[in-house]
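The values are calculated or read from the model by the stated rules, or taken from the named source; none is laboratory data. Remember, it's a predicted structure, so these values are computed and weren't measured experimentally. Counting neighbours? That spans all protein chains shown, and the Cβs are built from the backbone with ideal geometry, glycine included. All accessible areas refer to the heavy atoms of the entire protein, side chains included, with ligands and DNA or RNA removed. Shrake-Rupley method; radii C 1.70, N 1.55, O 1.52, S 1.80 Å.
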Amino acid sequence: MQMPRQAAVLGQPIGHSLSPVLHNAAYAALGLAGWRYTAVDTSEAALPERIAALDETWAGLSLTMPLKQAVIPLLDEIDAVAEVTQAVNTVVVAEGRERLVLKGHNTDALGLSQALLEVFFDEGSSDSETAIILGSGATAVSALVALADVDYPNTLVISRSYPETLLHTASKLGLSPRHLALDIGKPKQAAQAVEAMATAGVVVSTTPAHVADPLADGLLALGAIGERCDGVLLDVVYDPRPTALSAAWAEAGGRVVGGERMLLHQAARQVELMTGLPAPLEAMDTALQNALA
C-alpha cells in the first residue's frame, strides 16, 4: 500500500483547471486512499519557493502557463522530450540516494498526439500534408513534436513572432517550419492566416482563450462563399467550450478536437509518472465528461 501523497497543478490563472478532476478521479479508481490533488495559484516569481518546499509527502506537480520554462533551472534532471522542447509541464518527486530528486517531464506532446490520433483513427486524416500551429509559446513547441509524431512534419507556424525555443526544437527534430507573421489587428495578415488554415490537414491552436476569435470571423466568411475546411482543428483551450474558432471551423465543414482530449491524455501520463501505476483512462474520461457537462 502506497503512503498517501499530494500533488498539485501550479499556474496563473489556475481556477479554471480541470486537472484536479482528472487526477483525483484517477486516485479513486486506483484505490490510492489519502492521495489528493489541488490547484495552487502560482506566479513565476513565487515558483522557486514552491519548488523548494517539496518534500517526501509530494508525488509531483503539473505546470501550466507561465511556468513551463521557468521551472527548468530548478530541477535536477529533465526527460528527452522536455530537453527538445525546453518545456516542462510535469515534475516528479523521486527518492535519491541522499535526497529527493526532482525530475521534469513533458507530457503535453504526448497529449496532443494522442488527441489527434483519436480523430484520425475514427475518421482518417486529410489529404493535405500541411500542418499549422497557431501561437509560439511552450505548448506550440510541444505541438511541433506531436505533429512530427503523427506524420505531419511539414509545418507552418502562424504567430506574431518566431521565438528561439521553436527554432531550437525544430533544429533538434531536423525540421524547418515556415513562419507566417500574424498580428490579429491587421486584416491582411489575418486573411492570409485564414486562407492557409482552410487548406491545411491539421491546425493546432495553442493561443490563450479568445486570442484567435478574430480568425473565426474569417472562417465564417469563407463558409459563406462556399469555401470548406477539410482538415482537423485541435484547439487546446477548453474554457469556453466550444471556442469561437472551433465553432467556426465546424461550421465550415472541418473536424474539431476539443482541448479536453489533450488534457485527458497528458494527465493520464502524469498519473503514471507520479504513481508508478497504469492510468485508469476510462475513469478519468468519465469524470472529465461529467465535469464538462
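A compact table of results
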| read-out | value |
| --- | --- |
| Electrostatic dipole magnitude of region 121-220 [Cβ: Lys, Arg +1; Asp, Glu -1; Cα centre; debye, to 20] | 480 debye |
| MRE, 222 nm, helices only [DSSP H, n ≥ 4, -39500 (n - 2.57), over the chain, to nearest 500] | -13000 deg cm²/dmol |
| Residue-span extension gain [LEU167 to ILE72] - 0.36 nm each, minus C-alpha spacing | 32.4 nm |
| Sequence of GLU83, GLU260 from largest to smallest accessible area, 1.4 Å probe | GLU83, GLU260 |
| Stretchable slack from LEU220 to GLN192, in nm (0.36 nm times residue separation minus alpha-carbon distance) | 8.6 nm |
| Tail weight of P(r) past 21 Å, computed on alpha-carbon pairs of region 1-86, percent | 36 percent |
| Max mean-square fluctuation residue, GNM over the chain, Cα-Cα springs under 10 Å, options ALA82, ALA52, ALA247 | ALA52 |
| For a label point 7 Å along the Cα-to-beta-carbon line of GLU129, residues of region 172-192 with backbone N under 19 Å | 173-179 |
| Under 13 Å, Cβ to Cβ, from HIS105 - net charge with Lys/Arg +1 and Asp/Glu -1 | -3 |
| Order of exposure, largest accessible area first, which applies to ASP213, ASP108 with probe 1.4 Å | ASP213, ASP108 |
| Charge dipole (debye, nearest 20) of the chain; +1 at Cβ of Lys and Arg, -1 at Cβ of Asp and Glu | 400 debye |
| By accessible area with a 1.4 Å probe, ligands and nucleic acids excluded, highest first: order of ARG269, ARG97 | ARG97, ARG269 |
| In Å², nearest 10: area of ASP183 left accessible to a 1.4 Å probe | 40 Å² |
| Percent accessible area from carbon and sulfur atoms, the chain, protein chains only, probe 1.4 Å | 52 percent |
| Candidate aspartates and glutamates - alpha carbon under 19 Å from LYS188, same-chain residues fewer than 8 apart omitted | ASP213, ASP217, GLU227 |
| Per residue solvent-accessible surface (Å²) - the chain, probe of 1.4 Å | 45 Å² |
| Choice from ASP230, ASP79, ASP151 showing the highest fluctuation, given a GNM over the chain with Cα pairs closer than 10 Å | ASP151 |
| Structure-derived semi-axes √(5λ) of the Cα gyration tensor in Å - corresponding label in [x] 45, 20, 18; [y] 34, 27, 19; [z] 34, 21, 17 | [z] |
| Max mean-square fluctuation residue, GNM over the chain, Cα-Cα springs under 10 Å, options LEU47, LEU22, LEU116 | LEU47 |
| Cα-derived Rg to Rh of region 202-293, Kirkwood definition | 1.08 |
